[in-house]
Amino acid sequence: MGKIFVSAGHGGLEKGVFDPGIVSGATNEAKEMIQIRDLVIPELRSRGFTTLSVPDDLSADQSIAWINARYSAGDVALEIHASNSLDPVARGATVFYIANNEVRRNQAELLLLALLRRVPQLPSRGAKPDTTSGLGSLAFCRQIVGPSLLMEVAFLSNPSDLGLLQNRRREIALGIADGLAAWSRAVANNAPPRRRDSRLPGSQYQYQRGTIR
Ligand SMILES: [Zn+2]
């Protein structure tokens, strides 16, 4: 089984300035995501997964480099964020994937469903290509060597969503852990066989590092 990287969005220095992400009243995105991440990591470790927490003081670019420096075939990486809207009614969870990648879209849906199974009060906004995000493309979905997804758990700007984030932290973390566990298993099961293939006497599948996407 490959490793699982979990990154809580923001919290590092961007061009020398602390980046809290979205700020909402007394809280901010970095603070909320770190608290959820801190529940996800021990849950996955207790289930036997090698899970790496990306250090909080890294910038977005440094977080990607940190993961890539440790990546090996079969690993998966998730970054968690919150959403924000001027429309206080907007709410729900989204998982962004690299556009035009059907495998990754299915994996994004897997993660989203696992979250909503644990937190049915949270509306689904669906799995979405990163080209539909506010930035037009997401570095975390594109610059990680292996499979990577970016989840926006809920809207900090919506009172119901903020209530779920702060009062259903454990259920949210369990949902994220369920999805990551299923995703990691799916990626591991897609790895080419390392053993000799009995249908092809004398031949051997080559297991190539870096080809498992
Ligand atoms: Zn964010």
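Data for the structure
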{"read-out": "Extension gain from THR131 to ASN189, taking 0.36 nm per residue of separation minus the Cα-Cα distance", "value": "18.0 nm"}
{"read-out": "ARG117, ARG168 arranged by Cβ crowding within 10 Å, fewest neighbours leading", "value": "ARG117, ARG168"}
{"read-out": "Relative exposure of LYS3, LYS15, judged by other C-beta atoms within 10 Å (fewest first)", "value": "LYS15, LYS3"}
{"read-out": "Local net charge near PHE5, Cβ-Cβ under 9 Å (Lys/Arg +1, Asp/Glu -1)", "value": "0"}
{"read-out": "Kirkwood hydrodynamic radius of segment 4-189, Cα pairs, Å", "value": "16.2"}
{"read-out": "Formal net charge of residues neighbouring GLY16 (Cβ-Cβ distance under 15 Å; K, R +1; D, E -1)", "value": "-3"}
{"read-out": "DSSP beta bridges in segment 13-135 [antiparallel fraction, %, rounded to 5]", "value": "50"}
{"read-out": "Separation of alpha-carbon centers, segment 145-171 and segment 1-69, rounded to whole Å", "value": "13"}
{"read-out": "The chain, relative contact order in percent, only Cα pairs under 8 angstrom and at least six apart counted", "value": "26"}
{"read-out": "Highest to lowest packing among 121-129, 143-151, scored as the average C-beta count within 10 Å", "value": "143-151, 121-129"}
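FYI, it's all coordinate maths here, none of it is from the lab. This one's a predicted model, so the numbers in the text were calculated from it and none came from an experiment. Cβ sites come from the backbone with ideal geometry, for glycine too, and all protein chains shown count toward neighbours.
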